[in-house]
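Following: one structure in structure tokens, then a few remarks.
The values are calculated or read from the model by the stated rules, or taken from the named source; none is laboratory data. Predicted model, so just to flag it, every value in this text is computed and none were measured. Backbone-built Cβ (ideal geometry, glycine too); neighbour counts: all protein chains shown.
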Amino acid sequence: MKTDVLIIGAGGAGLVAALNAKETGASVIVLTKEYPTRSQTCMAQGGMNAALGNAGEDSVEAHIQNTLKSAHGEADEEAVRFMCEEAITAVKWLDDIGVCFSRTEDGKIAQRRLGGASAHRACYAQDYTGLKILHALYDKCLKEGVQILNEKYLLSLLKDEEGGVCGAQILDIRSGEIENYEANAVVLASGGYSRVYGKNSTNSTASTGDAIAVAQRAGASLIDMEFVQFHPTGLKNSSILISESARGEGGYVLNSKGERFTDELAPRDELSRAIHAEISKGEEVFLDIRHLGEAFIQKQLPQERKLARLYENVDPVTDLIPVKPVAHYTMGGIAVDHKSQTSLSGLFACGECANHRVHGANRLGGNSLLEIVVFGKEAGVNAAKHALANRTHSNLAPKENFINECKEFKNELDFYASRDAIGETLYKKVGIVRKKSELLEARTMIEELKASLPLMGVSDKSKVYNTNLVEFLEFRNILDVSEAIINGAIKREVSSGAHFMAE
Amino acid sequence: MKISVKREDGFREYEVDARDATLLEALVKIKTELDNTLAFSSGCRSGVCGSCSVRVNSKGVLACARKVQDGDRVEPLNNVNVIRDLVVDMEKSLSFNEKSKAWLNVLDSNAQLNDQTQMINELQSDCVLCGLCYSACPVYSVNSEFLGPFALTRVWKYVSDKRELGAIEKLDAIQTNGVWDCTLCNECAIVCPQEISSKADIEKLRAKSSMAGYEDPTFAQSFSFGSFDGSPSF
């Protein structure tokens, strides 16, 4: 298969990139290991920031300053300014393609306040904001005839003799066949890596940082991998997200004694540490939205109510919701410049797998949906321009052959047990509060697991739809990504935002 | 507890400790601890990605939204090609979104939505494309070209959108194997995890179609053959 622009990942960032690459005049193929509407974007609940000022005074400058403050000096101010300025156009564009944003009585897009924001800035569609944006983007792609191929798993990147990226090697999950896709530019948009924290993450099981690990193997630079955002209010048992909007709308955070002990609208890193400290003291921590009333909860937070009932057997209308901080968003990722280009020629990245340095050490709620639209567009346009200007290349045979090698592995050790162990170790030792000694212990564990990879493997020998194999390939990516997080954390000795050193 | 899962060679029974767990959690436990070869799809664990739709004791559910029960019999969806075990090929049903042109066609930039008008299609835009409605649809089970529940709900989402000026193109696209083929049996609404009634959306699309000058072909056909006696022809 040949195309101008190959896009890996069909969440919000990938689909926006695809629409824009096509509009720029390039042929486009989008590959996803799932189906587009199953992507992580569908889980974004709270909203998308834009200083529209529809619910009280706001300004682009205030949005910029809030974002920079939350980023703890680790953001690129130029990129932040660009994102916040583009936000208004981005929301307008989404509204125009049919996103069902909630409205005010006078017909404006409704806005709610999220943590760390000086104004009611997050545009939302009840608590289904990401779902509705993703589906509208999918519908728009159907309209524009964007070619999307489902259940295709990224194995490695193809490179030419000059070291430029010119395609990807893919596993067709359904047939088990390995396929090469040749392209003049590749956009990685495969999402973040919160799922390396295993069960201690709000994310989809698919958020294993695949493109980050693959890009690193191909020689691309990663940056700030240690910045992992812990969301203060995951459900205690299942880590299912209870959106920040629950606090934005007036919810309280309480300890076992029923006391409020922190500012509920502090940035996520601060609130997570406050809750973590309380839990470390032996307290249980609860989210309390009972005072908001049933009518309000049902209208504005229907999803939260449903999930709390199913997973914790509590009804937020009458009960306290048990919560704990869990891995939610990864600020780190593949290093990109202002044109979303990685350190490799022909390779672009956007969305959570990329690091445009707009979130720095701690992302503001409502800025991730914004980022995927603003930088999805940049990545799509710039990849298309690159592809149209560089239409000849000679790709070399891929060097990487792990997928065939691993079929010979001994399968004496159970990688699923190791995957769970990594999740627990990272949560305890590379989590909300970190210590040098524990980081080193975690690194040793990852190194040992990497060394024993040939003792693991797959027991399912089927060629067709072998999820045992796919999960093992993901496991290898989890190992590499975990190592990058830990190494970043060890190097950064001073606390900053989500990276908090106890010593 | 005992859970039976339909595999390629028939039901296989698993003994698994999954008290108070969701069915999806039980399936994960089976796969990671008992049988690595079991194939199923999952994603968000919270009912918004639509990956884990299956049938349990013949009823369509999202595995992440059901508390598993002792004796549960788990099967793949109906009316769709099974790729392996519980994994089905969604391409056919998804292709109906394109065929029925379920997108915003021509934007009316003067249209002003408000709190009330945006509520018109708020429910329809909750759809997660899980495919349970196609599995339950008796029309789709006999006519594989029937555009089907979620595609028609998505059409209604855009047809009813105050910002849509180009609804007629969608109405054109849903006349054949579309709105008139539905028997209004409501099975799609019963299984929908988002409580959407495609049946109700199809009725509204019929009304819109009639207003646009389309006729119920079954009605017209019955009449032209002189057999119309006032009773439904299906």
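Looking at A:A379, A:A389, A:A417, A:A384, which is the one that is without any contact (Cβ under 8 Å) to a residue 12 or more places away in the chain and under 23 Å from A:I7 (Cβ atoms)? If you could, list the steps in order and put the result at the bottom.
On the way: A:A379 fails: without any contact (Cβ under 8 Å) to a residue 12 or more places away in the chain; A:A417 fails: under 23 Å from A:I7 (Cβ atoms); A:A384 fails: without any contact (Cβ under 8 Å) to a residue 12 or more places away in the chain.
That would be A:A389, the only listed residue that is without any contact (Cβ under 8 Å) to a residue 12 or more places away in the chain and under 23 Å from A:I7 (Cβ atoms).
Selection of segment B:39-66 for residues being more than 25 Å from B:D9 (Cα to Cα) and part of a loop (DSSP other than H, G, I, E, B) yields B:G43, B:C44, B:R45, B:S46, B:G47, B:V48, B:C49, B:G50, B:R66. What about B:L205, is it under 20 Å from A:Y138 (Cβ atoms), crowded, with 21+ Cβ neighbours inside 10 Å and not basic (K, R)? For B:L205, the condition - under 20 Å from A:Y138 (Cβ atoms), crowded, with 21+ Cβ neighbours inside 10 Å and not basic (K, R) - is not met. Being of a type in the set (K, R) and part of a helix (DSSP H, G or I) is the filter here, so list the residues in segment A:269-319 that pass it. Those that are of a type in the set (K, R) and part of a helix (DSSP H, G or I): A:R273, A:R290, A:K299, A:R305, A:K306, A:R309.
Just name the residue that is nearest to the other protein chains (Cβ to nearest Cβ) out of those in segment A:15-57 that are hydrophobic (A, V, I, L, M, F, W, C) and assigned to a loop (DSSP other than H, G, I, E, B). Step through it out loud before you land on a result.
Going through segment A:15-57, the residues hydrophobic (A, V, I, L, M, F, W, C) turn out to be A:15-19, A:21, A:26, A:28-31, A:42-44, A:48, A:50-52, A:55.
If we keep only those that are assigned to a loop (DSSP other than H, G, I, E, B) as well, we get A:26, A:44, A:50-52, A:55.
Numbers: A:A26: 21, A:A44: 10, A:A50: 17, A:A51: 20, A:L52: 14, A:A55: 13 Å.
Looking at residues that are hydrophobic (A, V, I, L, M, F, W, C) and assigned to a loop (DSSP other than H, G, I, E, B), I get A:A44.
Does segment A:202-217 include one or more residues that are in a helix (DSSP H, G or I), within 14 Å of another protein chain (Cβ to nearest Cβ) and either touching a helix residue (DSSP H, G or I) at 6+ places or on another chain (Cβ under 9 Å) or surrounded by fewer than 24 Cβ atoms within 10 Å (Cβ to Cβ) (or both)? Looking for residues that are in a helix (DSSP H, G or I), within 14 Å of another protein chain (Cβ to nearest Cβ) and either touching a helix residue (DSSP H, G or I) at 6+ places or on another chain (Cβ under 9 Å) or surrounded by fewer than 24 Cβ atoms within 10 Å (Cβ to Cβ) (or both), one finds none in segment A:202-217, hence no.
Checking each residue in segment A:66-94 for being of a type outside the set (D, E, K, R), in a helix (DSSP H, G or I), surrounded by fewer than 18 Cβ atoms within 10 Å (Cβ to Cβ) and touching a residue at least 12 places away in the same chain (Cβ under 8 Å) picks out A:I88, A:W93. Here the strands (runs of 3 or more DSSP E) wholly within segment A:123-194 that include at least 1 residues being touching a Pro at 6+ places or on another chain (Cβ under 8 Å) and more than 14 Å from chain B (Cβ to nearest Cβ) are A:152-159, A:165-172, A:178-188.
Every residue in segment A:262-279 that is surrounded by fewer than 16 Cβ atoms within 10 Å (Cβ to Cβ), at pLDDT 95 or above and of a type outside the set (A, V, I, L, M), please.
Start the filter on segment A:262-279 by keeping residues that are surrounded by fewer than 16 Cβ atoms within 10 Å (Cβ to Cβ), which leaves A:263, A:277.
The next check asks that each one be at pLDDT 95 or above; those that pass are A:277.
Correct list: empty.
When B:E203, B:E195 are screened for being within 11 Å of chain A (Cβ to nearest Cβ) and either in a helix (DSSP H, G or I) or in contact (Cβ under 8 Å) with a residue 60 or more places away in the chain (or both), only B:E195 passes.
Only residues that are part of a loop (DSSP other than H, G, I, E, B) and among the small types (G, A, S): list them for segment B:91-108, please. Before you say what the answer is, go through the steps one by one.
So in segment B:91-108, the residues part of a loop (DSSP other than H, G, I, E, B) come out as B:100-106, B:108.
Correct list: B:S100, B:A102.
Could you please let me know if A:E294 is outside the structural domain of A:N237 (by TED's automatic domain parsing), touching a residue at least 12 places away in the same chain (Cβ under 8 Å) and of a type in the set (D, E)? Judged against the criteria, A:E294 is not a match.
Output the residues belonging to segment A:254-276 that are within 24 Å of A:M501 (Cβ to Cβ) and touching a residue at least 60 places away in the same chain (Cβ under 8 Å).
A:A266, A:P267, A:R268, A:D269, A:L271, A:S272, A:R273, A:H276
Of everything in segment A:95-117 that is in a strand (DSSP E or B) and among the charged types (D, E, K, R), the residue that is nearest to the other protein chains (Cβ to nearest Cβ) is A:R103. Being of a type outside the set (K, R), crowded, with 22+ Cβ neighbours inside 10 Å and assigned to a helix (DSSP H, G or I) holds for only one residue in B:S135, B:S141, and it is B:S135.
Only residues that are in contact (Cβ under 8 Å) with a residue 60 or more places away in the chain and not polar (S, T, N, Q) were counted in segment B:140-171, giving 7. Taken over segment A:148-182, the criterion of being in contact with a helix residue (DSSP H, G or I) (Cβ under 7 Å, 6 or more places away or on another chain) and crowded, with 24+ Cβ neighbours inside 10 Å is satisfied by A:L154, A:L157. For segment B:41-69, what are the residues that are over 20 Å from B:I196 (Cβ atoms) and either of a type in the set (K, R) or within 7 Å of chain A (Cβ to nearest Cβ) (or both)? B:S42, B:R45, B:K67, listed by residue number.
The residue of segment A:439-466 that is nearest to the other protein chains (Cβ to nearest Cβ), among those that are free of Cβ contacts under 8 Å to residues at least 12 places away in the same chain and assigned to a helix (DSSP H, G or I), is A:E448.
Residue-by-condition table, conditions (1) assigned to a helix (DSSP H, G or I); (2) more than 20 Å from A:E312 (Cα to Cα); (3) of a type in the set (D, E, K, R):
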residue	(1), (2), (3)
A:E226	no, yes, yes
A:G234	no, no, no
A:S239	no, no, no
A:S243	no, no, no
A:A246	yes, no, no
A:G250	no, yes, no
A:V253	no, no, no
A:G258	no, no, no
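Within segment B:120-165, the set of residues being at the interface with chain A (Cβ under 9 Å from one of its Cβ atoms) and either acidic (D, E) or more than 21 Å from the chain's Cα centre (by Cα) (or both) comprises B:E122, B:D126, B:D161, B:R163, B:E164.
Restricting segment A:453-503 to residues that are assigned by TED's automatic domain parsing to the domain that holds A:K429 and at positive phi, which is surrounded by the most Cβ atoms within 10 Å (Cβ to Cβ)? So the residue we want is A:Y465. Looking across segment A:57-106, just one residue is polar (S, T, N, Q), within 18 Å of A:N355 (Cβ to Cβ) and touching an Asp or Glu at 6+ places or on another chain (Cβ under 9 Å), and that is A:S70.
Looking at A:A308, A:A354, A:A335, can you tell me which residue is within 14 Å of chain B (Cβ to nearest Cβ), buried (at least 19 other Cβ atoms within 10 Å of the Cβ) and touching a Leu at 6+ places or on another chain (Cβ under 8 Å)?
A:A308
Residues that are more than 12 Å from every other protein chain (Cβ to nearest Cβ), at positive phi and crowded, with 19+ Cβ neighbours inside 10 Å within segment B:70-102 comprise just one, B:N79. Restricting segment A:312-325 to residues that are out of contact with any Pro (no Cβ under 9 Å at 6 or more places or on another chain) and touching a residue at least 12 places away in the same chain (Cβ under 8 Å) leaves a set whose member that is surrounded by the fewest Cβ atoms within 10 Å (Cβ to Cβ) is A:T318. Looking across segment B:1-38 at every residue that is part of a helix (DSSP H, G or I) and out of contact with any Lys or Arg (no Cβ under 9 Å at 6 or more places or on another chain), the one that is surrounded by the fewest Cβ atoms within 10 Å (Cβ to Cβ) is identified as B:L34.
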